[in-house]
Amino acid sequence: KRGMSTGYAGVQNDLFEMDNCFLLFGDAKDSLTQLVDQLKLISK
């Protein structure tokens with residue numbers, strides 16, 4: 001999914017509102033590379 005708008009059927013996705021749900025927007029490769037690098041830093 002590319003954004004938080006309603007889907008094709010016009011139904012809002014309840015997962016976007018859940019407290020244990022985090023959304024990461026951006027280029028997948030760049031975002032995951034940055035995330036992994038940060039995790040490596042805090043796990044040392």
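The values are calculated or read from the model by the stated rules, or taken from the named source; none is laboratory data. Just so we're clear, the structure is a prediction, and the values are computed from it rather than from any experiment. Counting neighbours? That spans all protein chains shown, and the Cβs are built from the backbone with ideal geometry, glycine included. Protein only, heavy atoms only, side chains kept; ligands, DNA and RNA dropped before computing areas. Shrake-Rupley method; radii C 1.70, N 1.55, O 1.52, S 1.80 Å.
Things worth noting here:
- Within the stretch 12-28, residues that are closer than 13 Å to Arg2 by Cβ have Cβ atoms under 9 Å from residues that are at pLDDT 90 or above and polar (S, T, N, Q) in these pairs: Leu24/Ser31; Phe25/Ser31; Gly26/Gln34, counting only partners at least 6 apart in sequence or on another chain.
- Only a single item in (1) of a type in the set (Phe, Trp, Tyr); (2) open to solvent by less than 90 Å² (accessible area, probe 1.4 Å); (3) part of a loop (DSSP other than H, G, I, E, B) is not met by Tyr8, and it is number (2).
- Residues (open to solvent by less than 70 Å² (accessible area, probe 1.4 Å), part of a loop (DSSP other than H, G, I, E, B) and at pLDDT below 85) located in the stretch 11-44: Asn13
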